[in-house]
Amino acid sequence: MRKRLIALGFVAAIAAAVPVVGQAAAAECPPAPSDWAAAGPFPVTVEAGGSAHTIYRPTQLGGCGAHAVIIWGNGTWATPSSYDALLRHFASHGFIVAAAKTTQAGSGREMLAGLDYLATRNNTAGDVYAGKVDLTRVGATGHSQGGGGAIAAGADPRVDTVVPIEPGPQGDVAALHGPTFFLAGQNDQIVVPSQLVYPRYQKATHIPAVYGELAGAGHFTAGGNGGGFRGPVTAWFRAELLADANARTEFSGADCGYCDSPVWSRFERNALAG
């Protein structure tokens, strides 16, 4: 009996040491920098997404699982190239960004068409995107009219979270169903003053909502590399779409990182967010 138990133990040890065919170990994702405004660890590729979108994505797709999606809307008369460095930044943190090429993004429809485009490619066998797009983790963001478009797109059940940056009047806050981070600029006194953004945050009592008024920011601060908006927006999407615990502490808890940060001239959380 003792010899039989020894033999069985030896066989079990051998079996444990031999990997099962087809059961590859999941690759470990590279760590994100502690500074959310710093570039992420992924090299970035920029390419056409059909005729209507520009796609910003990690060069190697699927290295550590399918990628969460960000759909982007430009400000009035702007194009993705107006925000190129910001969109590259998001992709460097592992997101696939579908930026609508329209200069009139307020309806949100063109932004959602970018999600449709990625869904089609994700479901096409042999496509470089096949199985690499996580359609269960989707965020919408944009600037000015595109911020209003992000609110409009946020009514779609596929969109999990929204970050309107100095948003225009488009979209219905009451139709939002996921956590939302409303952003205003302290010195944006003419185009979309904070007095227009803050009331939209106040109306979002049915969802977790956060309001941030970036100190010293004008209306065009979000252009190019996103200025001071870049880090907080990245932290929000990492928290909401990637379940990044470090990013979550910027917004959650009594001593949240952003609660008393001097980067804001005003920062608030509603009861559901706090």
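The values are calculated or read from the model by the stated rules, or taken from the named source; none is laboratory data. Bear in mind that the values here come from a model prediction, so they are computed numbers and not experimental data. Using ideal geometry, Cβ is built from the backbone for each residue, glycine included, and neighbour counts are taken over all protein chains shown. Keep in mind that these areas ignore ligands, DNA and RNA; they rest on the heavy atoms of the full protein, side chains included. Shrake-Rupley method; radii C 1.70, N 1.55, O 1.52, S 1.80 Å.
Within 13 Å, Cβ to Cβ, of Gly148, how many net charges do the neighbouring residues add up to if Lys/Arg are +1 and Asp/Glu are -1? Walk me through the numbers on the way to the answer.
Values: positive: Arg109, Arg200; negative: Glu110, Glu166, Asp172.
Result for the local shell: -1.
Using the Cα centre of the chain as the reference point, and only Cβ charges (+1 on K/R, -1 on D/E), how large is the resulting charge dipole? Debye, rounded to the nearest 20.
940 debye
Pick from Pro30, Pro164, Pro208: which is most flexible by mean-square fluctuation in a GNM of the chain where alpha carbon atoms under 10 Å apart are linked?
Pro30
Which entry in (i) 7, 30, 33, 15, 6, 4, 3, 1, 0; (ii) 6, 29, 35, 20, 7, 2, 1, 0; (iii) 7, 28, 32, 21, 10, 3, 0 matches P(r) over Cα pairs in 10 Å bins from 0, in percent derived from the coordinates of this structure?
Read-out taken from this structure: (i).
Taking the solvent-accessible surface of protein heavy atoms with a 1.4 Å probe, what is the per residue accessible area of region 44-269 in Å²? Don't jump to the answer; show the numbers that get you there.
Working: 8170 Å² over 226 residues.
Counting only protein heavy atoms, the per-residue value for region 44-269 is 36 Å².
With Cβ to Cβ distances under 14 Å as the rule, what net charge do the other residues near Pro33 carry (K, R +1; D, E -1)? Don't jump to the answer; show the numbers that get you there.
Details: positive: Arg230, Arg238; negative: Asp35, Asp244, Glu250.
Here the count lands on -1.
Which value in deg cm²/dmol, rounded to the nearest 500, describes the helix-derived mean residue ellipticity at 222 nm for the chain, given -39,500 (n - 2.57) per DSSP H run of n ≥ 4 and division by the residue count?
On the way: 7 runs with 75 residues, N = 274.
Only helices count here, giving -8000 deg cm²/dmol.
Out of the DSSP beta bridges found with both residues in the chain, what percent are antiparallel (nearest 5)? Please list the in-between numbers first.
Details: 15 of 39 bridges.
Percent antiparallel among DSSP bridges in the chain is about 40.
If one puts a single equal scatterer on every Cα of region 137-197 and applies the Debye formula without solvent, what log₁₀ I(q)/I(0) results at q = 0.17, 0.28 Å⁻¹?
-0.46, -1.08
With every protein chain present, what accessible area does Trp36 have (1.4 Å probe, heavy atoms only), rounded to the nearest 10 Å²?
20 Å²
Got a sec? Charge dipole of the chain, +1 on Cβ for Lys and Arg, -1 for Asp and Glu; which of Ala184, Thr45, Gly149 is way out at the positive end?
Thr45
Given the whole protein assembly as supplied and a 1.4 Å probe, what does the accessible area of Ser51 come to in Å², nearest 10?
Number for this one is 110 Å².
Could you compute the net charge surrounding Glu166? Neighbours are other residues with a C-beta less than 12 Å from the C-beta of Glu166; K and R count +1, D and E count -1.
My count for the surroundings of Glu166 gives -1.
Please arrange Cys256, Cys64, Cys29 by accessible surface area, largest first, computed with a 1.4 Å probe and ligands excluded. Write out the running numbers ahead of the final one.
Details: Cys256 10, Cys64 40, Cys29 65 Å².
Largest to smallest exposure gives the sequence Cys29, Cys64, Cys256.
Using the alpha-carbon centroid of each, what span in Å lies between region 154-180 and region 23-101?
20 Å
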